[in-house]
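Take a look at the structure set out below.
The values are calculated or read from the model by the stated rules, or taken from the named source; none is laboratory data. Just so it is clear, the model here is predicted, and its values are computed rather than measured. Quick reminder, even Gly has a Cβ in these numbers, built from the backbone with ideal geometry, and neighbours come from all protein chains shown. With ligands, DNA and RNA removed, areas are computed over all heavy atoms of the protein, side chains included. Shrake-Rupley method; radii C 1.70, N 1.55, O 1.52, S 1.80 Å.
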Amino acid sequence: KRRLISGDQVKMGSYVISFFSDRPEDIRRDSEIAHTKIKGIHLSIWLSSACLLIVLIASVLYFQIYSPAKARKTLNMVTAYIKEGDYRKAHETLTRLLNTNLPQRESQKARQLLSQTTLSIAQKMVSEEKLSDARDFLVTYLSKYGLDEESSRDAWGLLDQCRLRLGQQLEDSGNYTEALKEF
């Protein structure tokens with residue numbers, strides 16, 4: 001029912017029959033359309049490649065430049081809090097910061113500062129005789145961040161001191177069972 005043009009193919013079962021003709025009326029006149037389709041394919045490939053390159057560059061810029069710079073800025077802010085003696089604010093900022101995806105160097109610095117603020121806060125609690133609060137605060141810190149032996153060594157020592165003093169207070173008040181738990 002349809003006129004065959006040179007280059008058309010007809011499939012019959014597993015056979016493909018190609019029609020070729022050198023008569024001018026059988027030659028496909030839409031060669032410009034085929035050329036435009038090829039141009040469109042090349043343009044699509046080029047645009048896809050360009051988009052992929054842009055995404056790759058944006059990812060590198062974000063993870064290698066922006067994210068570390070933002071973390072360093074926050075760490076500088078935390079250092080200022082510590083110098084002002086605002087250990088609670090520094091501690092809260094560091095715990096939020098450590099819940100993000102930090103680069104290795106910034107993560108290590110944040111953990112060191114967190115250890116410093118934790119010790120300062122706990123020592124203040126101990127000096128105010130809030131031994132059970134200090135113990136709970138240190139236990140929370142150590143259970144979440146105390147995997148690094150070097151930075152948590154002082155926290156473990158302070159925790160031991162809190163437990164011994166708390167145990168001694170409980171023993172002095174006659175509460176031997178609770179004292180034994182602390183010891």
**Report entry** Hey, Arg88 in contact with an Asp or Glu (Cβ under 9 Å, 6 or more places away or on another chain), open to solvent by 40 Å² or more (accessible area, probe 1.4 Å) and either closer than 26 Å to Arg153 by Cα or hydrophobic (A, V, I, L, M, F, W, C) (or both) or not
**Finding:** no
Report summary line: Result of the Cβ filter at 9 Å on segment 51-72, keeping first residues that are under 18 Å from Lys109 (Cα atoms) and partners that are outside any helix (DSSP H, G or I) and not polar (S, T, N, Q), at least 6 apart or interchain, is Phe63/Pro103; Gln64/Pro103; Ser67/Leu102; Ser67/Pro103; Pro68/Leu102; Pro68/Pro103; Ala71/Leu102; Ala71/Pro103
Report task. Give the residue that is farthest from Tyr145 (Cα to Cα), with candidates limited to residues of segment 51-76 that are among the β-branched types (Val, Ile, Thr) and open to solvent by 40 Å² or more (accessible area, probe 1.4 Å). Result -> Ile54
Query raised in the report: Can you name the number of the only condition in (1) modelled with pLDDT of 85 or more; (2) open to solvent by less than 100 Å² (accessible area, probe 1.4 Å); (3) over 30 Å from the mean Cα position of the chain (by Cα) that Lys11 fails?
Result: (2)
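Taking the options Arg105, Arg111, Arg153, name whichever one is surrounded by 15 or more Cβ atoms within 10 Å (Cβ to Cβ), modelled with pLDDT under 90 and under 30 Å from the mean Cα position of the chain (by Cα). Talk me through it step by step, then tell me what you get.
On the way: Arg105 fails: surrounded by 15 or more Cβ atoms within 10 Å (Cβ to Cβ); Arg153 fails: surrounded by 15 or more Cβ atoms within 10 Å (Cβ to Cβ).
Just a single option satisfies the conditions, and that option is Arg111.
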Query raised in the report: Out of all the residues in segment 128-142, is one or more open to solvent by 90 Å² or more (accessible area, probe 1.4 Å), of a type in the set (Lys, Arg) and assigned to a helix (DSSP H, G or I)?
Result: no
Query raised in the report: Looking at Thr79, Thr100, which one is surrounded by fewer than 16 Cβ atoms within 10 Å (Cβ to Cβ), at pLDDT below 90 and either in a loop (DSSP other than H, G, I, E, B) or not hydrophobic (A, V, I, L, M, F, W, C) (or both)?
Result: Thr100
